[in-house]
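The block underneath contains the structure these notes are about, expressed in structure tokens.
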Amino acid sequence: MPMIIHFQDVTLERQTARVLDHLNWTVQPGENWAILGLNGAGKTTMLKLLHGDLWPSSGQIEVLGQRFGQTSIPALTRRIGWFSSALQDWLRPGETAERIVLSGKFASIGLYEQYRASELATARSLLAQVGGSKLIGRPYGLLSQGERQAVMIARALMTQPELLVLDEPCNGLDLFAREKLLTQVTQIAQLPNPPALLMVSHYPEEILPCFNRVLLLKQGRIFAQGPRDELLTETTLQRFYGTTVQTFIVQPGRIAVYPQLADTTKPQN
């Protein structure tokens, strides 16, 4: 089987700044990856390269066995499901939830192509599968943030993607909506023929057990990559963040990380 993603010595420069620096990274079939990094690490830029929105200054990129420069990017993107909070700003508030889901089949904002009644029925079925049956027929602009995320999940699944990219999926969600969405991600990973999963996040506690590989990105460079159990440790994360941190088990297979703050209860000399 072809590799899901392959970055070979990928560098991206903008004016005098090097945004990504000689990235070598491979996603094999059967692997689900999480990319973890602070603001400005280059996570979103990596996704723009995957989507063909940006082109590397040097190096080569392959996605789903297709080498960039030798394939049709629009055709390739139809094989990838995209879940991005940033995409929500482009969606039409008056469009019904199921029509937004259906637009995922065409990788478009809005519906411009002819579609069959069976495809619209599939969109409604996907909404129901992610717990959004009550959203059918409702305008997107009237939905809560959690309801909008359910629509986005269903939209990303509309093409039966081979790769599902989750770009900071929990942004703007409260505690309960976040856990509901993460449960939906777990359910996707447990499908009979699931897509490969790639999630970008700032927060280690969002990295579910189904993500068996982790890439730590820092200032445009790969700090470390490999099995999650080897990287999501207090020792490795302290080196990654460059400061003392504390880790806490949220639930089996999930950890939260916090900076270790000075004890202000002790008297100061």
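No lab work stands behind these numbers, since they all come straight from the coordinates. This structure is a prediction, so every number in the text was calculated from the model and none was measured. Here the Cβ positions follow ideal geometry from the backbone for every residue, glycine too, while neighbour counts run over all protein chains shown.
Quick notes on this structure:
- The trypsin sites (Lys or Arg not before Pro) of region 23-121 meeting both criteria, a DSSP state outside H, G, I, E and B (loop) and at most 13 other C-beta atoms within 10 angstrom of the site's C-beta, are Arg116.
- Euclidean distance between Cα centres, region 210-249 to region 156-186, Å: 21 Å
- The angle separating the long axis of helix 145-157 from the principal Cα axis of greatest extent in the chain is about 70 degrees.
- A convex hull fitted to the Cα coordinates of region 1-148 yields 157 cubic angstrom per residue.
- Distance (nanometres) between label positions extended 7 Å along Cα→Cβ at Gln66 and Arg78: 0.9 nm
- Karplus-derived 3J(HN,Hα), 6.51/-1.76/1.60, for each residue of region 14-29, Hz, glycine and proline x: 10, 6, 9, 9, 9, 7, 10, 10, 6, 7, 10, 7, 10, 10, 8, x
- In this entry, region 83-187 is assigned a mean projected area of 6.1 nm², taken as a quarter of its C-alpha convex hull surface.
- Taking every C-alpha pair closer than 8 Å and separated by at least 6 residues, the mean separation divided by the residue count of region 198-264 gives a relative contact order of 30 percent.
- Pairs from Lys180/Lys218; Lys48/Lys180; Lys48/Lys218 whose Cα-Cα separation, in the structure shown, is over 20 Å: Lys180/Lys218; Lys48/Lys180
- Using alpha-carbon coordinates, inclination of helix 117-129 to the longest axis of the chain, degrees: 30 degrees
- Degrees separating the helix 175-189 axis from the principal Cα axis of the chain, which is the longest one: 70 degrees
- One compactness figure for region 110-269 is 1.29, namely its Cα radius of gyration divided by 2.2 N^0.38 Å.
- Under 12 Å of direct C-alpha separation, and excluding same-chain neighbours fewer than eight residues apart, Lys43 reaches these aspartates and glutamates: Asp167, Glu168.
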